[in-house]
Amino acid sequence: MDKYTLKTAFRKSFLGVVWRIEADITAGILAIETRDSDTGSPSFSVIEYKTGISFVNEKRYGDRNWSLAGIISEKLILRAWGQNTPEGAGVVCIDAVTGGVLWEQFNYTLVSFENQLLVVRHRNFASGYEQYLNPLNGHLTEKNNLPNKPTGPDIVLPQRYVGDIPPFLESYDVRGDLFCCQVEDRTVWAFHETTDDTYRIRLIVSRGLKLLTERIIISDLAKAAPELFFIISNQLFFIGDNKREIVAYLV
């Protein structure tokens, strides 16, 4: 086996359960929504994804009907969900660096994101009549025609592998699907194994047909995880410790 090793970039623990993650790849930050396991109340955090340095640490806002919708230009966009319907009126913007509430709009429902603007609908309308909100100040604005293209690295999700199993994986007890993705000249593989009555996830990095390194990244899972990891540039991220920790490796 080569001297190549996975290096831990950071570990970030949370009091709540990690519920949703959004990335601002132009600013190099992750926005994380966590929820209290007893009440379901949300909190919102922001970390620099290269270092794990925290800017905002589990700031509370709203009740369990509020959630992280996205992040634009270093601003977290929160939205309200209805009590008995999927849609609810309420859009809020939080500064990703200070954690301060920049603006609140309780008369509009968030529909989508488009060209760095928020597509919203007034609470009096059940459908149609969409308008645009400027995320910088929460004011209604005209639609712009700027291309909605990020300038940072892509977010890469592993894909199910289809084909013959590489020779260096034949000795492993792969349970379920085998996932992989490419990082420069290396391939990252991940799959579930079983031990006693639990699952664990094994990560393997190869170059060509040569296995470079391997690691069990999480153990004692009651059931198979639907999402194993994601990659930004050469960093791999996964959620561990019963969904209360984000761990990043340099691949």
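The values are calculated or read from the model by the stated rules, or taken from the named source; none is laboratory data. Quick caveat, the model's predicted, so the values are computed rather than measured. Note that we place each Cβ from the backbone using ideal geometry, even for glycine, and neighbour counts take in every protein chain shown. For the accessible areas, the whole protein counts, side chains as well, though only heavy atoms, and no ligand, DNA or RNA atoms are used. Shrake-Rupley method; radii C 1.70, N 1.55, O 1.52, S 1.80 Å.
The table that follows gives values for the structure above.
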quantity	calculated
Gyration tensor (Cα) of the stretch 24-89, equivalent ellipsoid semi-axes in angstrom	24, 14, 7
For residue 8, solvent-accessible area (1.4 Å; no DNA, RNA or ligand), Å²	70 Å²
Excluding exposed DSSP-loop trypsin sites (Lys or Arg not before Pro) (at most 12 other C-beta within 10 Å), longest clean stretch of the chain	144-222
Members of 12/59; 3/210; 3/243 lying beyond 20 Å, as alpha-carbon distances in this model show	3/243
For residue 178, net neighbour charge (Lys/Arg +1, Asp/Glu -1) across residues whose Cβ lies under 12 Å away	-2
Convex hull volume of the stretch 1-134 per residue (C-alpha atoms, cubic angstrom)	145 Å³
Whole-percent carbon and sulfur share, accessible surface of the chain, 1.4 Å	47 percent
Residue-normalised accessible area of the stretch 159-228, expressed per residue, 1.4 Å probe, Å²	59 Å²
At R0 = 25 Å, FRET efficiency that the Cβ-Cβ distance of residue 20 and residue 221 yields, to 0.05	0.80
Where GluC sites (Glu not before Pro) in DSSP loops with at most 13 other Cβ within 10 Å are excluded, longest remaining stretch of the chain	1-141
The stretch 159-228: relative contact order in percent, alpha carbon pairs under 8 Å with at least 6 residues between	24 percent
Percent of alpha-carbon pairs separated by more than 18 Å within the stretch 116-196	65 percent
Cα centroid of the stretch 40-101 to Cα centroid of the stretch 149-200, whole Å	31 Å
Exposure of residue 139 as accessible area (Å², to 10), given a probe of 1.4 Å and all protein chains	110 Å²
Whole-angstrom Cα spans of the stretch 159-228 along principal axes, big to small	35, 22, 22
Residue with peak Gaussian network fluctuation, the chain [Cα springs, cutoff 10 Å], from 72, 204, 216	216
Accessible area of residue 61 in the full protein assembly, 1.4 Å probe (Å², nearest 10)	40 Å²
The stretch 117-251: radius of gyration over Cα atoms, expressed as a fraction of 2.2 N^0.38 Å	1.47
The chain: most fluctuating residue of 165, 53, 239 per GNM, C-alpha cutoff 10 Å	165
Residue among 154, 185, 36 with the largest mean-square fluctuation in a Gaussian network model of the chain, springs linking Cα atoms under 10 Å	185
Largest-first ellipsoid semi-axes for the chain, taking √(5λ) over the Cα gyration tensor eigenvalues, angstrom	37, 20, 17
